[in-house]
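Colleague: Mind looking over this structure? Questions follow.
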Amino acid sequence: MELTATPVPESRRVTSTAIESLLDLAAIVILCLGFAASITVLTWVGIVGLGMACWLILGSFLNWLVFRALAEVIRLLKRSVDLDYAGRISGSYVDTVMTCSNCGAILRSDVCCDSCGARLTKVDPKD
Ligand SMILES: [Zn+2]
């Protein structure tokens, strides 16, 4: 008897460089180039080029801001349709901190609570 098979659709995760990450990278590169150009202008021209150097810094900062905003819009659009996105959306977010189960203070040590002095026991990751 001949061995037969049928094609079965199967999902797999394909990862590539996210455009929002490239925009963040471009924003940093533009900002650094702006600072380097302003320092170069100040070095070559001297204090006379201070105005031009300030405009270069301002321009690179505004370009950085636009690129970061574009990256943020892409992240928000991806999040709105439940797609994965690279990076973090700015603004407030929920962070997890370890607190003492005895007094509720935020823990700064792995050994004991700074507030009530209770010795900390290891938490089983399965729990
Ligand atoms: Zn405590």
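Please treat every number below as a calculation from the coordinates, not as lab data. Just so it is clear, the model here is predicted, and its values are computed rather than measured. Here the Cβ positions follow ideal geometry from the backbone for every residue, glycine too, while neighbour counts run over all protein chains shown.
Colleague: Checking the conditions here, which among 5, 27 is in contact with a Phe, Trp or Tyr (Cβ under 7 Å, 6 or more places away or on another chain) and over 30 Å from residue 123 (Cβ atoms)? First the steps, then the outcome.
Modeller: Values: 5 fails: in contact with a Phe, Trp or Tyr (Cβ under 7 Å, 6 or more places away or on another chain).
Just a single option satisfies the conditions, and that option is 27.
Colleague: Determine the pairs where a residue that is without any contact (Cβ under 8 Å) to a residue 12 or more places away in the chain and within 26 Å of residue 14 (Cα to Cα), located within the stretch 70-99, has a partner that is part of a loop (DSSP other than H, G, I, E, B) and of a type in the set (Lys, Arg) with Cβ atoms under 7 Å apart, the partner being 6 or more residues away or on another chain.
Modeller: none
Colleague: Being in contact with a Ser or Thr (Cβ under 6 Å, 6 or more places away or on another chain) and not small (Gly, Ala, Ser) is true for just one of 120, 50, 56, 62. Which residue is that?
Modeller: Exactly one residue qualifies, and that residue is 56.
Colleague: Something else now. Could you list, in sequence order, all residues of the stretch 28-62 that are touching a residue at least 24 places away in the same chain (Cβ under 8 Å) and buried (at least 17 other Cβ atoms within 10 Å of the Cβ)?
Modeller: Selection gives 30, 31, 34, 60.
Colleague: Can you find a residue that is within 16 Å of the ligand (Cβ to nearest atom), surrounded by 10 or more Cβ atoms within 10 Å (Cβ to Cβ) and farther than 30 Å from residue 40 by Cα anywhere in the stretch 84-99?
Modeller: yes
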